[in-house]
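Working notes for the structure below.
The numbers here are math on the coordinates, done by the rules we state, and not lab data. All figures in this text were calculated on a predicted structure; none of them were measured in a lab. FYI the Cβ positions are ideal-geometry reconstructions off the backbone, even for glycines, and counts take in every protein chain you see.
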Amino acid sequence: MSPAISNAFTHMNKTSILTIENKNLNDRENGLQIGFTIEEMTTRVEGQLRSVGLLQNFAPIIYLIAHGSSSANNPHHGAHDCGACSGRPGSVNARVMASMANHPIVRNNLQNKGITIPESTQFVGALHDTAGDEIEYYDEQFLSPENSLLHSKNCASFEKALDLNAKERSRRFASIPTSQSLKNVRKAIKDRSVSLFEPRPELGHGTNTLCIVGRREMTKRLFLDRRAFLNSYDYRTDPEGKILAGVMRPLGPVCGGINLEYYFSRVDNHKLGAGTKLPHHVMGLIGVTNSCDGDLRPGLPLQMIEVHDPVRLLIIVEHFPDVVLATIQSAPEMYEWFINEWVQIAVVHPETNVLYRFREGQFEEYSPVAAKIPIIKDFKSFIEEAQEMETNYIADATKENLPVYSLQ
C-alpha cells in the first residue's frame, strides 16, 4: 500500500466511533441533523427487513456487507465503488444499519410492528473489497461470547468463499493463470488491485446480463457466471406487491442504467464510451478527458468493457404475473423502462414455475429453448476443462488462420 493507492478500507477506520443516534434535535451541523432519531432508525430497519422478506427465523448473526474497491493510478476508480454511496465504499452505511438493527428500543418498536428479532440475534456490518477480495468487519467487540465463537467460524467460511470468488474472477484476467492454487490466485488478485501499472484492476459489472428478484432458493447451487444482480425478495410476505413496488422502482435506473452504460460503451467505445483510460485526465472530479482533447468523455473506458456482451438487462421476478404487471404500471417513471424495452422483464410463477415474458404491455407464457441445464459437480475441474478447451480452440484457429474469439 502507498499514498498513490485508493484503499477501500481507509474510507472509514474500523476503530472510529460514529454518532448514529440523534438524542437532541438541535444537534445540527451545516444545517443538517446529526444522526437518526429512534423513529427514523425503526423505519429504515423495518423497510430493509421487509424488502428482503426477513421477518422470522433470524440467524444468531446477520451480516450486512457493503462493497468498495481498491485500485491505483485509476481515473475511473469511483466507477468501481458503490453507486448508491455516490461512488464511495459503503462501509459507513453497513455499520450504521447494523447499529440501528441492534438498538434495543428499535427492536422493541419493530416487535410492535410484528417483527420479533430474538435477543440473541446480532447484526454485524462489514465491507467487501471487490478488487482485492478481502473483508473487514466492524464492531465485533460487541458480539456476545456465543456469537463471537460463531463469528470466528463464519470468518473461515467467508475466507473460503473469497478464495473461490478470486478463482472465478481470475478467468477474466489474462495475467493470472487460473490453474494455480487458490491461495496463489488470491494473492495475484490482491497484487493486481494495488499495482500502479495495472489498467484493469477490476472489471466491475462487465458481462452483467441478469437481475433476479426472488428467494435465495431460486439461485442456490446455480452457476450464474458472475453475470447476475441478486435481489432477495420473498413474495409470500408481500401478496399484493406493495413491497415489490419499492424493490422494483430503483432496478431500472440502477441495474438497467449500469447495463446500458456498458451496452453503449461497448457498441461504440470511441463516441459513446471513453476510449483507452491510459491517457485520461480527471477534470474537476466530474469526468475525464482523453489526453489533450478537451471534451469530457460520456461513457466507460475500453479496459472496463472488453469482455462485455452488449445486451439489454433481463429482470426476472418471482411472483404472480398480474401482481408484477400492476406493480410496474403503478409509476410512469418505472413503467417506461419496460414498455420502451430499455430492459427486459420476465416472471416466474411461484407455484407452477412457468415463465412469462413481458411483450407489448402484457405477460405471455414462455417456453425456454433448453429443456435441461447441465450439472457441474466440481467447479474447479469445470473451469480447468473450459480453459483447456479454449487453449485448444485458439491453437486450432491460429493454425487455420481463422479469427480468434474468447470463449469467456
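Results, tabulated for the structure shown:
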item: In sequence order, calculated HN-Hα J values of the stretch 44-51 (Karplus, 6.51, -1.76, 1.60; Hz; x Gly/Pro); result: 5, 5, 4, x, 5, 5, 5, 5
item: Estimated FRET transfer efficiency when R0 is 25 angstrom, pair residue 111-residue 30 (beta carbons, to 0.05); result: 0.10
item: Residues whose placed amide H lies under 5 Å from that of residue 211, excluding near-sequence neighbours; result: 229, 314, 315, 316
item: The chain: calculated mean residue ellipticity at 222 nm from DSSP helix runs of at least 4, using -39500 (n - 2.57); result: -10000 deg cm²/dmol
item: Under 5 Å, built H, 5+ apart or other chain: amide partners of residue 62; result: 122, 123, 124
item: For the stretch 126-141, 3J(HN,Hα) per residue [Karplus equation, 6.51 cos²θ - 1.76 cosθ + 1.60, θ = phi - 60°, Hz, x = Gly/Pro]; result: 7, 10, 9, 7, 7, 8, x, 6, 10, 10, 10, 9, 10, 6, 5, 5
item: Antiparallel bridge percentage (DSSP; both residues within the stretch 176-305; nearest 5); result: 50 percent
item: Qualifying aspartates and glutamates (Cα of each under 19 Å from Cα of residue 183; at least 8 residues distant if same chain); result: 129, 133, 134, 136, 159, 163, 168, 191, 202, 378, 384
item: Given (i) 1.06; (ii) 1.15; (iii) 0.98, the label whose value is Cα Rg over 2.2 N^0.38 Å derived from this model; result: (i)
item: Shape of the stretch 1-143, Cα gyration tensor, a/c cut at 1.5; result: prolate
item: Whichever lysines have a C-alpha closer than 19 Å to that of residue 377, once near sequence neighbours (fewer than 8 apart) are set aside; result: 160, 167, 220
item: Fraction of beta bridges assigned by DSSP in the chain that are antiparallel (%, nearest 5); result: 50 percent
item: Within a Gaussian network of the chain (alpha carbon springs, distance under 10 Å), most fluctuating of 142, 363, 229; result: 142
item: Given 271/399; 153/187; 190/380, the pairs whose alpha carbons are separated by over 31 Å; result: 271/399
item: For the stretch 196-207, Karplus couplings with θ = phi - 60° (6.51, -1.76, 1.60), whole Hz, Gly/Pro x; result: 5, 10, 9, x, 10, x, 7, 8, x, 8, x, 6
item: Residue of 175, 330, 367 that the Gaussian network model of the chain assigns the largest fluctuation, springs spanning Cα pairs under 10 Å; result: 367
item: Long-range amide H partners of residue 308 with built H, under 5 Å; result: 207
